[in-house]
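The values are calculated or read from the model by the stated rules, or taken from the named source; none is laboratory data. Note that the structure is a prediction, hence the values are computed from the model and not measured. No Cβ is skipped: glycine too gets one built from the backbone with ideal geometry, and neighbour counts run over all protein chains shown. The accessibility values were calculated without ligands, DNA or RNA, using every heavy atom of the protein model including side chains. Shrake-Rupley method; radii C 1.70, N 1.55, O 1.52, S 1.80 Å.
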Amino acid sequence: MNVTVVAILDTEFRQEPALARIMNNRLLTAAKELQDFHLIGLHTRRSTAHYLTIHLSYNQKYKIRYRIINDVPADIEYLVAERCGRLGYILCKSTINQQNSVSFQVF
């Protein structure tokens, strides 16, 4: 299985340039660690889904949130939720509004 973790650096809120640089570096590091260390076991795993894509971003309180982009089996989704939960990341569910724009709900 091919695992890709993408850091989404654009936020819905305004940041100071110095703080944004620090937070973006932190998010890029978290994405690399999640992909290369915490989810390394999924690289050798055979599944019906060949790809797993996860987006990492910040919420308003600078907590890292994650979202699985593609459809994966429930056991892989559970494994990702367990690993991200241990790291303190929160689940970000996306819903589509009537105007075809995407909004995020944090649970």
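Taking first residues from the stretch 41-65 that are within 24 Å of residue 26 (Cβ to Cβ) and touching a residue at least 12 places away in the same chain (Cβ under 8 Å) and partners that are open to solvent by less than 20 Å² (accessible area, probe 1.4 Å) and basic (Lys, Arg), the Cβ contacts under 8 Å between residues at least 6 apart in sequence or on separate chains come to 56/65; 57/65; 58/65; 59/65. Which residues, taken from the stretch 35-47, are touching a helix residue (DSSP H, G or I) at 6+ places or on another chain (Cβ under 7 Å) and either modelled with pLDDT of 95 or more or open to solvent by 40 Å² or more (accessible area, probe 1.4 Å) (or both)? Hit for the stretch 35-47 is 38, nothing else. Looking across the stretch 46-95, the residues that are aromatic (Phe, Trp, Tyr) and either outside any helix (DSSP H, G or I) or under 18 Å from residue 10 (Cα atoms) (or both) come down to 51, 58, 62, 66, 89.
In the stretch 68-107, of all residues being of a type in the set (Phe, Trp, Tyr) and at pLDDT 90 or above, the one that is most open to solvent (accessible area, probe 1.4 Å) corresponds to 78. From the list 30, 81, 74, the one residue that fits, being within 17 Å of residue 6 (Cβ to Cβ) and among the small types (Gly, Ala, Ser), is 30.
Inside the stretch 2-34, can you point out the residues that are under 23 Å from residue 79 (Cα atoms), touching a residue at least 40 places away in the same chain (Cβ under 8 Å), open to solvent by 30 Å² or more (accessible area, probe 1.4 Å) and not hydroxyl-bearing (Ser, Thr, Tyr)? Correct list: 2, 6, 8. When the stretch 12-34 is examined, which residues are found to be touching a helix residue (DSSP H, G or I) at 6+ places or on another chain (Cβ under 8 Å) and not in a helix (DSSP H, G or I)? 15, the sole residue that qualifies.
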